[in-house]
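No value in this document is a laboratory result; all are computed from the given coordinates. Computed from a prediction, not measured in an experiment: that's the story for all the values here. Virtual Cβ from ideal backbone geometry, glycine too; neighbours counted across all protein chains shown.
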Amino acid sequence: MTSKTNLSNQQLAALFEELADLLELSGENAFRIRAYRSGAAAIAGLPQRVEELLAQGFDLTSVDGIGATLAEKSKIAIQTGSIPALEKIRQEVPTTLRDVMKVPGLGAKKAMKLHQELGVMDLASLKQACLQGSVADLKGFGPKTQQSILQNIDIVAQAAERLGIDDADRLTQRLKGHFSQCKAVKRLDFAGSYRRSKETVGDLDMLVVSQSPSEVMDRFAEFPGIAEVLARGDTKMSVRIAGAFQVDLRVVEESCWGAALQYFTGSKEHNVHVRSLAKSLGLKISEYGVFRETEPSVAIAGKDEESLYRAIGMPWVPPELRENRFEFQKDLEHRLEHLIQLSDIRGDLHMHTDSTDGSETLDAMANAAIERGLEYIAITDHSKRVSIARGLNDQQVQEQWAYIDRIKPELEGRLMLLKGIECDILEDGSLDLSDDSLAKADWVTASIHFGFKQSRQEITDRILGAIAHRSVHSISHPSGRLISRRPAYEFDLTAVIQAAKEHGKCLEINANPARLDLNDLQAAAAAQAGVMIVINTDAHSIGNLDLMKYGLGVARRAGIMKHQVLNTKSAKQLADWLGKHK
DNA sequence: GCCGTTTTCGGCCCGACTGTTTTCAGTCG
């Protein structure tokens, strides 16, 4: 089978997701919709491209969640770039209603009702309807719903325009692959907020060194998924990728690579500061290089970034720090020397198994951790309040810990396996498991999954209570936000940081790209106050263990140093730390 | 639509809670 669609697994999965959404809007059977969703997830999780698998004669129906129908539709999508059933339903249901459906508080039924009764087509018309007050008059809706829509609509509108860091990551991989055969490309990298590891990326800046820009641009135009070429000049080209996402290509000379990379990496605030420093030294910095004001035609630096920063008396600044926060302070050299990096991470203290909502057995997670070179992990399944995840009760968690005690000897010298729990902080402020149980754990991380609408004081008190509990070591995803999907609950971060400091408890940077919680500013505040940070993947599968890098992005943006992060400690040091925090 | 069989149909992770209703859609992972 040959094809020219070059559809990635993520793109194929997105087609099925869209089909599922549109079927849901049209009131289709819920289990059929779920089947499309789980099929999409299965495709997104395949280690190899569907196109390659099919070419090798692989039987897609052997994958869990993919049956004859999805296998056939996948085949057609790979050949044609689309699915006939999707094309058909797009004619019947406006696909922009998918955004309306994603507003917290709304679902398929309400979105469809808004469409049919009020003519709502998308987020803009939804907002207008709310502002006019006509939503509150609709049967099944009310003033509170209308108010909540208005509060949450912007976060969804933003999501439509920005990519999560992991999606941006995948897009850069596809672009790299697309250009790998293009001989005109001498060098290629991505700048902008993506390079600075921001949690979401508004557009992607691609920088290329080439002698023949037009050849590079021709190749760029062939990239699958381009909806529109917005502009094309001699050295610069902009395209819009499916949806509203923009990718900018800039072709530069080898000699000014560093200056261009620095210029396009930003941030704007960082660059303003850099250029004013240069000016005070009688220098001028542009994307073409560093120049003396007295001799503006000869670049004295800029072939690489190091030379540019050296010219203004600075060490090379890692992109994550270029936010005009720490990089111009006196302690920069000290911070750079100790700035945390991925290779400093020696363990992971938050992950789930198939005892609750993880997809792998405890043994599989342990083995995967060993393969990744981790020295220790904590198994932290959910407690019973998270019933949808089949959270563990006191007896079940004791059974899991007994099992861990049994297999510990086999892992001796390879992995320190900690008996942990992600214990829910209940609505009344108590913890979801008995004190007796929690006292037997090696590692307890407490978190909130319910009661998000409580008052700021109530939620703060819940967290403070958990911090004060003698068996708790850490608070996981302290703000509760889901990026582009759900805002953080209201709580007093300063009080939480203060309490964590007083009780010697950790606050987590959850590395899952949907969370990244604490965020960079919150994590910086905590670390500066002297709170120990822990960076965890919250893995629900083996593949999730590789999400650690996104947590590192947050920590580096926060300027956090190695010694401020608990899981940079060796297994021995961690055991000592836990001994002192009993 | 998928899956597994007690194999070609019947089930598909729960259940307490909110806002709105007086039966239900959506929220939580």
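Quick one: plug the Kirkwood hydrodynamic radius of segment A:164-319 (C-alpha pairs) into Stokes-Einstein at 25 °C, 0.890 mPa s, and report D in µm²/s.
My calculation gives 151 µm²/s for D.
I'd like the FRET efficiency for residue A:387 and residue A:529, computed as 1/(1 + (r/R0)^6) with the beta carbon distance as r and R0 of 51 Å, rounded to 0.05.
According to the calculation, E is roughly 0.90.
What distance in nm lies between label points placed 7 Å from Cα along the C-beta direction at residue A:64 and residue A:298?
6.8
For residue A:106, enumerate residues with amide H under 5 Å from its amide H, sequence gap 5+ or separate chain, H modeled in the peptide plane.
none
Kindly write out, for segment A:182-198 in residue order, the coupling ³J(HN,Hα) from the Karplus curve 6.51 cos²θ - 1.76 cosθ + 1.60 (θ = phi - 60°), rounded to whole Hz, with x marking Gly and Pro.
8, 5, 5, 8, 8, 7, 8, 8, 10, 10, x, 5, 4, 5, 7, 6, 5
For segment A:457-582, just list the percent of Cα-Cα distances falling in each 5 Å bin from zero outward, please.
Binned Cα distances yield the sequence 2, 12, 21, 24, 22, 14, 5, 1.
Report relative contact order for segment A:342-580 in percent, whole number only (criteria: Cα-Cα under 8 Å, sequence separation at least 6).
Values: 503 pairs, mean separation 47.0, N = 239.
Reported relative contact order: 20 percent.
Answer with one residue from A:297, A:500, A:574: the one whose Cα lies farthest towards the positive end of the charge dipole of chain A, charges on Cβ with Lys, Arg +1 and Asp, Glu -1.
A:297
Along the Cα→Cβ direction, 7 angstrom out, place labels at residue A:231 and residue A:364. What is the inter-label distance in nm?
4.9
Fewest to most neighbouring Cβ within 10 Å: what's the order for A:321, A:516?
Lowest to highest Cβ neighbour count: A:321, A:516.
Within the set A:384/A:440; A:198/A:268; A:176/A:236; A:384/A:419; A:186/A:236; A:198/A:284, which residue pairs have Cα atoms separated by over 20 Å?
Those over the limit are A:198/A:284.
So what is the relative contact order of segment A:99-161, in percent, for Cα pairs below 8 Å that sit 6 or more residues apart?
Normalised by residue count, the contact order of segment A:99-161 is 36 percent.
With θ taken as phi - 60° and the coefficients 6.51, -1.76 and 1.60, list the Karplus ³J(HN,Hα) couplings across segment A:318-325 in order, rounded to whole Hz; mark glycine and proline as x.
Along segment A:318-325, the couplings run x, x, 4, 8, 7, 10, 6, 10 Hz.
Multiply the residue separation of residue A:281 and residue A:211 by 0.36 nm, subtract the distance between their alpha-carbon atoms, and state the gained length in nm to one decimal.
Here the answer is 21.9 nm.
For segment A:146-212, just the Cα atoms, rotate onto the principal axes and tell me the three extents in Å, largest first.
Principal extents (Cα only, largest first): 56, 19, 19 Å.
Determine the principal axes of the Cα atoms in segment A:342-580, then give the extent along each, sorted from largest to smallest and rounded to whole angstroms.
Taking max minus min along each principal axis of the Cα atoms, segment A:342-580 gives 46, 38, 36 Å.
Say each of residue A:310 and residue A:272 gets a label point 7 Å from the Cα, pointing the same way as Cα to Cβ; how far apart are those two points in nm?
Rounded to a tenth, the inter-label distance reads 3.0 nm.
Let's see if you can work this out: charge +1 on each Lys and Arg Cβ, -1 on each Asp and Glu Cβ, no other charges. What is the dipole magnitude of chain A about its Cα centre, in debye to the nearest 20?
Values: 71 positive and 79 negative charges, 160 e Å.
Dipole size: approximately 780 debye.
Kindly give the semi-axes, whole Å and largest first, of the ellipsoid equivalent to segment A:1-93, taking each as the square root of 5 times a Cα gyration tensor eigenvalue.
22, 15, 10
Just going by the charge dipole of segment A:1-93, with Lys and Arg at +1 and Asp and Glu at -1 on Cβ, which of A:54, A:11, A:33 is farthest out on the positive end?
Of the options given, the answer is A:54.
With r as the distance between the Cβ atoms of residue A:82 and residue A:154 and R0 = 30 Å, compute the FRET efficiency 1/(1 + (r/R0)^6) and round to 0.05.
Efficiency, rounded to the nearest 0.05: 0.45.
Just to confirm my numbers, what's the Cα centroid distance between segment A:293-315 and segment A:353-373 in Å?
49
So if I place +1 on the C-beta of Lys and Arg and -1 on the C-beta of Asp and Glu, and nothing else carries charge, what would the dipole magnitude of segment A:1-99 be about its Cα centre? I want it in debye, nearest 20.
That gives a dipole near 100 debye.
Out of A:359, A:175, A:79, whose Cα points farthest toward the positive end of the dipole of chain A (charges: +1 Lys, Arg; -1 Asp, Glu; placed on Cβ)?
The residue sitting farthest along the positive end of the dipole is A:175.
So what's the convex hull volume per residue for the Cα atoms of chain A, in Å³?
181
Rounded to the nearest 0.05, what FRET efficiency do residue A:578 and residue A:48 have when you use their Cβ-Cβ distance and R0 = 51 Å?
About 0.80, to the nearest 0.05.
Provide the descending list of Cα extents for segment A:99-161 along its principal axes, expressed in whole angstroms.
31, 20, 17
For segment A:367-396, list residues with backbone N below 14 Å from a point placed 7 Å from the Cα of residue A:434 toward its Cβ?
What the label zone holds, given the 14 Å backbone N cut-off, is A:393-396.
So how far, in whole Å, is the C-alpha centre of segment A:209-227 from the one of segment A:175-195?
Going from one Cα centre to the other spans 10 Å.
When DSSP assigns beta bridges and you keep just the ones with both residues in chain A, what percent turn out antiparallel, to the nearest 5?
Numbers: 28 of 58 bridges.
DSSP beta bridges in chain A are roughly 50 percent antiparallel.
Which far-off residues, 5 or more places away or on another chain, put their amide H under 5 Å from the one on residue A:476, with H placed in the peptide plane?
Amide H neighbours of residue A:476: A:446, A:447.
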